[in-house]
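Step one of this worksheet: look at the structure below.
The values are calculated or read from the model by the stated rules, or taken from the named source; none is laboratory data. On a predicted model such as this, the values are computed, not experimentally measured, just so you know. Here the Cβ positions follow ideal geometry from the backbone for every residue, glycine too, while neighbour counts run over all protein chains shown.
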Amino acid sequence: MRDFHALAVRYRGGMLLVFAAMMFGLSNIHGSREQLHERSRELVVRLPLVFQIAMAAGDKYLAANLSGFRILVSETYRMGPDELQVQAQLQRDVSWLNPAHEDNYYIAAAILSVPELMPAAQYILRRAADARPDDWQPLFYLGFNKYFFEKDPIGGAQVLLEAVPRMRDEAESWTMQNLAARWIERGYSAGDAAQLVGRMADNASPGRFKRYLNHRAQRLRDLAALQALTQRYREIHGQPLTDLNQLVAAGLIERIPPDPFNRGYALDEHGEPVFASRR
């Protein structure tokens, strides 16, 4: 009995690995049987984290890889809402076990893009961004989700700017800053956006892109000035503008400022100055 106990202690790690392999195999068999009964069900079981770690012999990174492999081979196009909810929770588990797991954040960005799953995607992407300080891509996906799905251009722009210092390619950095500047324009008033884009220009290296940002800041300042003059015109005349040149005719401005991007300015349906649409 003493010999058996010594043998068990000596090979405890190996026995745990064998046990983990057996359990993983049984889970696959169970999954296969489920597939025979209902082929659309791909992910039907989510074990508590403590059991996932125990099955991986106490190694949380191995546990993350085992769950990550299960997610990777699943056929998400056949999943219904319930299966996708399980997948989202499994991916949150992987992120908790190993926030730097690359496949996990890629899959989260690609698959968990419906409103009810977005909190899980953003949780995974934020943790990946924090755990991978040299990788700008989790921040790009996080910012895009904020802008497009959460309708938060300001928050999205802030995340994009957080990613810029991580980018080694200058052209990619310019593209990211340009995108952030556009989102800032949509999320702030023209005056506030002009200040923010102007600060971006101040921090940019001398050259073409710095000039580009300065042009964006100037056209925002001009738009803010036109909006203020429009309000003044309404106070004086008691009616909205129908043409921007009415500001010139009323003596409120000498001329409509030129747009450095040659798009010009227009009035929206409420008589407020906006950037003209592309023709």
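For every residue, the table says whether it meets (1) at pLDDT below 85; (2) part of a helix (DSSP H, G or I).
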{"residue": "GLU34", "(1), (2)": "yes, yes"}
{"residue": "SER40", "(1), (2)": "yes, no"}
{"residue": "LEU84", "(1), (2)": "yes, yes"}
{"residue": "SER113", "(1), (2)": "yes, no"}
{"residue": "GLU116", "(1), (2)": "no, yes"}
{"residue": "TYR123", "(1), (2)": "no, yes"}
Inspect region 169-180 for any residue being β-branched (Val, Ile, Thr) and either buried (at least 17 other Cβ atoms within 10 Å of the Cβ) or in contact (Cβ under 8 Å) with a residue 40 or more places away in the chain (or both) and give the result as yes or no. no
Take ARG216 and tell me if it is closer than 28 Å to TYR141 by Cβ, in a helix (DSSP H, G or I) and either among the aromatic types (Phe, Trp, Tyr) or assigned by TED's automatic domain parsing to the domain that holds PHE148 (or both). no
Which pairs have Cβ atoms under 7 Å, sit 6 or more apart or on different chains, and link a residue in region 255-279 that is at positive phi to one that is hydrophobic (A, V, I, L, M, F, W, C)? GLY264/ALA276; GLY271/LEU241
Among the residues that make up region 1-23, is at least one of them at pLDDT 70 or above and in a helix (DSSP H, G or I)? no
Restricting the search to region 66-82, which residues are free of Cβ contacts under 8 Å to residues at least 24 places away in the same chain, not in a loop (DSSP other than H, G, I, E, B) and not hydroxyl-bearing (Ser, Thr, Tyr)? PHE69, ASP82
Looking only at region 231-254, count how many residues are part of a loop (DSSP other than H, G, I, E, B) and either of a type in the set (D, E, K, R) or in contact (Cβ under 8 Å) with a residue 24 or more places away in the chain (or both). 7
